[in-house]
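Quick notes on the structure that follows.
None of the figures in this text is laboratory data; all of them are computed from the coordinates on show. Treat the numbers as computed from the prediction; the structure is a model and nothing was measured.
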Amino acid sequence: MSRLTSSLIAKRGLTAWLAFGAVGLATGAVWASGFATSTGNNRTGGTVESPALAKTASAVNTSALNGKATAVDPLEFDWDGRWGSIDANTVMFKVNLSGASFAGKTYNIATLLANTSDLTGWASLQLKLEQVQVAAAGTCDPADFTGSSNAKILNVDDQDAGVYWNGLAGDKVYCIGISAAHGDDAAGTFLRAAQDTPPTSFPTFITTVDRAS
């Protein structure tokens, strides 16, 4: 069969298929994708408001650090004339960050002067506070205060007095307190009354803890 004859047969075949397609479109018998249509109508009886979804009332969000800082013993002052002293090591606060939920994270601890009224009867009030770290679920022991355990000087010269320990590891217990002191150390605990009688008001402290990382 010659190339011309083959081309002629192919053209005739294509013409036949085109003719079949034209007949199919006219009679609806052609293969095609399936579609369906539907026309919307206005609903009788008017519109009805969609009711609100019922939701649970929100509960107060509780911080994971709530209750982790607790007061232990009050700080007691003794007096000899105008000089004050601290007669015994004292654990003032305990910050308990024990548990897997605190592991691998770091925290900041602050001890602040809480009462913002004038401290009547004081000439000088300076405290050398310490922070001692113990193992998770450990106990704070006054004997652990040595006078230099992560010591910070709390100089009460204004209402914003405070000391800070930052970047502390979680899953530990931190003890905040003070060592016994004569109260005449200008670089440490220094306690002096304004007159020959003891002061009539005393500092109140608050310790806070917050997440650092």
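Worth a mention:
- Database remark: amide H of Ala136 closer than 5 angstrom to the amide H of Val173 (H placed geometrically; neighbours at sequence offset of 5 or more, or on other chains; Pro and chain starts carry no H).
- For region 69-211, averaging the sequence separation of C-alpha pairs within contact (under 8 Å, six or more residues apart) and dividing by the residue count gives a relative contact order of 41 percent.
- Along each principal axis, Cα extent of region 69-211, largest first, Å: 53, 29, 23
- Full-extension gain in nm, Trp79 to Ser149, via 0.36 nm per residue minus C-alpha separation: 22.7 nm
- A simple rule links phi to the HN-Hα coupling: the Karplus curve 6.51 cos²θ - 1.76 cosθ + 1.60 with θ = phi - 60°, which for region 89-95 gives 4, 9, 8, 8, 9, 10, 10 Hz, with x for Gly and Pro.
- Remark: for residue pairs Lys94/Lys128; Lys105/Lys152; Lys128/Lys172, the C-alpha separation exceeds 21 Å in Lys105/Lys152; Lys128/Lys172.
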